[in-house]
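Let me begin by presenting the structure, written as structure tokens, before commenting on it.
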């Protein structure tokens, strides 16, 4: 075999080896991308959501571990889930206020992305900060009981907070912290497009209503937030401190059910009236 043939053979082998290396590199990039996506979903509170939710049906009823099919470009904006994902991506590893310095997990939101009923709280506590999910501590357990008493499961509704990071020592959120987070809360509500919002406690109610009236006077009367009915009521943490207020909170929730019935919406289960 002459030198030109040897050179041609070596050239073909180099091309094949380069092609194999490119394929392996591409595979590594794909695997890394999948891992990054799963980690982001777990931190965002969107892990376990079906990618094809039916309108007004529970899309987060049971946790599902593993990768989800990618949304089409249309689904990214035409479904509650797709819109919530885009907002979570925009929020990113947020450092827009000082609360980011002490957090363990950013607490985005959880539940049905097409829910007609949304509960908005104040901010994460220690348990929520540790788990990255809103209302999972003692106050969250009480909220779950309140939701179930209405005839819903947690997976039927959507739950989120005004601020996404835990204030130190569970102090009240400060104005600059609320200002930094509020745009994302508004975008979440705009993405879900609920028919009813329950504002839990004074910070949620005052933030959404732009009304500094004490929650003891705000509660019990249906208000409106950008065309969506809103019921202010006591925060579950307050109800744990003062159980005598539970009856008033339940009256507020019954008023929510009555208002939803008027527009043809009933809970999946039977309320405990």
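So in segment 228-264, with the set limited to residues that are in contact with a helix residue (DSSP H, G or I) (Cβ under 9 Å, 6 or more places away or on another chain) and in contact (Cβ under 8 Å) with a residue 60 or more places away in the chain, which one is surrounded by the fewest Cβ atoms within 10 Å (Cβ to Cβ)?
240
Given the criteria assigned to a helix (DSSP H, G or I), closer than 24 Å to residue 257 by Cα and free of Cβ contacts under 8 Å to residues at least 60 places away in the same chain, does residue 216 qualify?
The answer is yes for residue 216.
Going through segment 105-156 one residue at a time, which ones are without any contact (Cβ under 8 Å) to a residue 40 or more places away in the chain and either buried (at least 19 other Cβ atoms within 10 Å of the Cβ) or more than 21 Å from residue 247 (Cβ to Cβ) (or both)?
Within segment 105-156, 127, 128, 129, 130, 131, 136, 137, 147 meet the criteria.
Please verify whether residue 225 is within 22 Å of residue 139 (Cβ to Cβ), without any contact (Cβ under 8 Å) to a residue 60 or more places away in the chain and surrounded by 15 or more Cβ atoms within 10 Å (Cβ to Cβ), treating the condition exactly as stated.
no
Evaluate the following for residue 204: is it surrounded by 14 or more Cβ atoms within 10 Å (Cβ to Cβ), outside any loop (DSSP other than H, G, I, E, B) and out of contact with any helix residue (DSSP H, G or I) (no Cβ under 8 Å at 6 or more places or on another chain)?
Here the answer is yes, as residue 204 does meet what is asked.
Is it the case that segment 243-262 has a residue that's under 26 Å from residue 85 (Cα atoms), out of contact with any strand residue (DSSP E or B) (no Cβ under 9 Å at 6 or more places or on another chain) and assigned by TED's automatic domain parsing to the domain that holds residue 114?
No; the residues of segment 243-262 include none that is under 26 Å from residue 85 (Cα atoms), out of contact with any strand residue (DSSP E or B) (no Cβ under 9 Å at 6 or more places or on another chain) and assigned by TED's automatic domain parsing to the domain that holds residue 114.
The values are calculated or read from the model by the stated rules, or taken from the named source; none is laboratory data. Computed from a predicted model, the values in this text were never measured in an experiment. Cβ sites come from the backbone with ideal geometry, for glycine too, and all protein chains shown count toward neighbours.
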